[in-house]
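Student: Dropping a structure here in structure tokens format, bear with me for questions.
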Amino acid sequence: MILVLVELENGTSAEVSLETLAFARSLSEAGGGIAIRAVLVGDVPDRDALAAELGRHGVSEVRHATGDAFDAYGGASWAAAVQAARADTSSVVVTAAGTPRGNEVLAHLAARLDVPMAANVVAFSGLSPFTVTRQVIGGAALEEMTLATRPALFTVAGHSWVAAPVDGPPAAWHEFSPEVAEADLVARVHSTGVKEADESGSLKSASVVVGAGRGAGGPGGFAAVDELAELLGGVVGVSRVVTSLGWRPHHEQVGQTGSRISPDLYIPCGISGAIQHWAGCASSKVILAINTDAEAPMMTRATYAVVGDMHEVVPAINEEIRSRRS
Ligand code: FAD
């Protein structure tokens, strides 16, 4: 059996969970039709609708964990539920979407079962031995991993599979109330804040991004960069050093722990091009780097590189644009 932890969003399956079910279906087919079970935890507003939806995504049976322990999300308590469902279904594969919850719950499960876990898998290339390809370094590189132990535990990276419904009867529904130890209830999410508007939206979709890193020298070192972004109809994106030092807000950060950008033109100024920053800007179409160090990784990877002080080069570019436009 393949057991898939399904997360809900507004009462229906989260899109990432449906993508994970698409991955599970192809795994099932490769294995000659292995049955797919889903495990759900907590409140389910419309059971019949969900059973029908999961049936269309290849699930034959749902294990729904209910009880006071699941009033609030907790990585350990959810892992206890998945562990019970997996024992009950004798599943040889347990998977979830590569979301913060999916990764947390399966990490807890891996620790409880003392088996390895592969996070953010994008493909599988063999069942025996069970071999998967997964994203590492924030998606900047891929790694092949063999999971020799059973159950094989892994999460599926978002957008790596397409959630395509098929014809299928509603999944059978089984409620169960797994035992949850006190220790598994210590850390739970009792309330969540209202989601703020995603201010990084314009950065992700901008066709021009002017970047600034430690080379800006301080919070007062961004005036010319702000002006260049405005002149080009773009936005400013910064390195993590800049946000960590509080020079600019986090929603402007580009990279592994910031926004992934793919503008037509990226102009990183005073940014070295560490792998974690590169992970967020590698798909820019043209990169024009400005840096005092000709050997900085960003300079050697850029389409065009200007060796110079950003505090001289950027104002000179701005002046040139202004004079050509007047
Ligand atoms: P530095 O590496 O210090 O580089 C400054 C550059 O500016 C140098 O190349 C220097 O030659 C140049 N310079 C200095 N003065 C001038 C000047 N006057 N004019 C022109 N050039 C000048 N980083 C990110 O950016 N985004 C992330 O999402 C991110 N996530 C991370 C996640 C993890 C888990 C870890 C461990 C790190 C992460 N980092 C991230 C940090 C990353 O490793 C680097 O430390 C960071 O990107 C460096 O920022 P920087 O290029 O501004 O600074």
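Student: Residue 296 - would you say it is assigned by TED's automatic domain parsing to the domain that holds residue 233 and surrounded by fewer than 18 Cβ atoms within 10 Å (Cβ to Cβ)? If you could, list the steps in order and put the result at the bottom.
Tutor: Numbers: assigned by TED's automatic domain parsing to the domain that holds residue 233: yes; surrounded by fewer than 18 Cβ atoms within 10 Å (Cβ to Cβ): no.
Criteria not met by residue 296.
Student: Additional query: Select from the stretch 226-271 the residues that are within 10 Å of residue 209 (Cα to Cα) and aromatic (Phe, Trp, Tyr) and list them in ascending order.
Tutor: Passing the criteria: only 266.
Student: Continuing with the same structure: Those residues that are in a loop (DSSP other than H, G, I, E, B) and either without any contact (Cβ under 8 Å) to a residue 24 or more places away in the chain or surrounded by fewer than 13 Cβ atoms within 10 Å (Cβ to Cβ) (or both), I need them from the stretch 131-148; list them, please.
Tutor: Selection gives 148 alone.
Student: Is it the case that some residue within the stretch 234-242 is surrounded by fewer than 20 Cβ atoms within 10 Å (Cβ to Cβ), more than 9 Å from the ligand (Cβ to nearest atom) and in contact (Cβ under 8 Å) with a residue 12 or more places away in the chain? Steps first, please.
Tutor: Filtering the stretch 234-242 down to residues surrounded by fewer than 20 Cβ atoms within 10 Å (Cβ to Cβ) leaves 241.
Okay, now just the ones that are also more than 9 Å from the ligand (Cβ to nearest atom), so none.
No - not one qualifying residue is present in the stretch 234-242.
Residue-wise test of (1) within 28 Å of residue 137 (Cα to Cα); (2) outside any strand (DSSP E or B); (3) touching a strand residue (DSSP E or B) at 6+ places or on another chain (Cβ under 6 Å).
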site: 19; (1), (2), (3): yes, yes, no
site: 45; (1), (2), (3): no, yes, no
site: 48; (1), (2), (3): no, yes, no
site: 76; (1), (2), (3): yes, yes, no
site: 79; (1), (2), (3): yes, yes, no
site: 87; (1), (2), (3): no, yes, no
site: 103; (1), (2), (3): yes, yes, yes
site: 120; (1), (2), (3): yes, no, yes
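Student: While we're looking at this one, here's another question. Name the one entry in 143, 104 that is under 30 Å from residue 281 (Cα atoms), modelled with pLDDT of 95 or more and within 19 Å of the chain's Cα centre (by Cα).
Tutor: Numbers: 143 fails: modelled with pLDDT of 95 or more.
Selected residue: 104, the only one of 143, 104 that is under 30 Å from residue 281 (Cα atoms), modelled with pLDDT of 95 or more and within 19 Å of the chain's Cα centre (by Cα).
Student: Sticking with this structure for a sec: Is there a residue being over 21 Å from residue 8 (Cβ atoms), in the same structural domain as residue 64 (by TED's automatic domain parsing) and in contact with a helix residue (DSSP H, G or I) (Cβ under 7 Å, 6 or more places away or on another chain) anywhere in the stretch 81-88?
Tutor: No, the stretch 81-88 has no match at all.
Student: Okay, next question. Quickly run through the stretch 37-52 and pick out the residues that are closer than 25 Å to residue 76 by Cβ and surrounded by 17 or more Cβ atoms within 10 Å (Cβ to Cβ).
Tutor: 37, 38, 39, 40, 41, 42, 44, 50
Student: How many residues, within the stretch 220-244, are in a helix (DSSP H, G or I) and farther than 17 Å from residue 259 by Cβ? Before the answer, list the steps.
Tutor: Looking only at the stretch 220-244, we keep the residues that are in a helix (DSSP H, G or I), and these are 220-231, 240-244.
Checking which are farther than 17 Å from residue 259 by Cβ leaves us with 220-224, 226-228, 230-231.
The total comes to 10.
Student: Okay, moving on. May I ask you to list the residues in the stretch 211-233 that are touching a residue at least 60 places away in the same chain (Cβ under 8 Å) and away from the ligand (no atom under 13 Å from the Cβ)?
Tutor: 227, 228, 231, 232
Student: Here are 157, 152, 119, 96: which of them is within 16 Å of the ligand (Cβ to nearest atom), among the hydrophobic types (A, V, I, L, M, F, W, C), within 22 Å of the chain's Cα centre (by Cα) and surrounded by 16 or more Cβ atoms within 10 Å (Cβ to Cβ)? Can you show your working first?
Tutor: On the way: 157 fails: within 16 Å of the ligand (Cβ to nearest atom); 152 fails: within 16 Å of the ligand (Cβ to nearest atom); 96 fails: within 16 Å of the ligand (Cβ to nearest atom).
Going through 157, 152, 119, 96 in turn, the sole match is 119.
Student: Does residue 318 fit the bill of being within 9 Å of the ligand (Cβ to nearest atom), of a type outside the set (Gly, Ala, Ser) and more than 18 Å from residue 204 (Cβ to Cβ)?
Tutor: Details: within 9 Å of the ligand (Cβ to nearest atom): no; of a type outside the set (Gly, Ala, Ser): yes; more than 18 Å from residue 204 (Cβ to Cβ): yes.
In short, no.
Student: Checking the conditions here, which among 271, 261, 275, 287 is away from the ligand (no atom under 12 Å from the Cβ) and either closer than 18 Å to residue 312 by Cβ or not basic (Lys, Arg) (or both)?
Tutor: Going through 271, 261, 275, 287 in turn, just one is away from the ligand (no atom under 12 Å from the Cβ) and either closer than 18 Å to residue 312 by Cβ or not basic (Lys, Arg) (or both): 287.
Student: Consider residue 279 carefully, then state whether it is under 30 Å from residue 77 (Cβ atoms) and either charged (D, E, K, R) or surrounded by fewer than 22 Cβ atoms within 10 Å (Cβ to Cβ) (or both). Don't jump to the end; show me each part of the working.
Tutor: Values: under 30 Å from residue 77 (Cβ atoms): no; either charged (D, E, K, R) or surrounded by fewer than 22 Cβ atoms within 10 Å (Cβ to Cβ) (or both): yes.
When the stated conditions are applied, residue 279 does not pass them.
The values are calculated or read from the model by the stated rules, or taken from the named source; none is laboratory data. On a predicted model such as this, the values are computed, not experimentally measured, just so you know. Methodologically, a virtual Cβ is constructed for each residue, glycine included, from the backbone with ideal geometry; neighbour enumeration extends over all protein chains shown.
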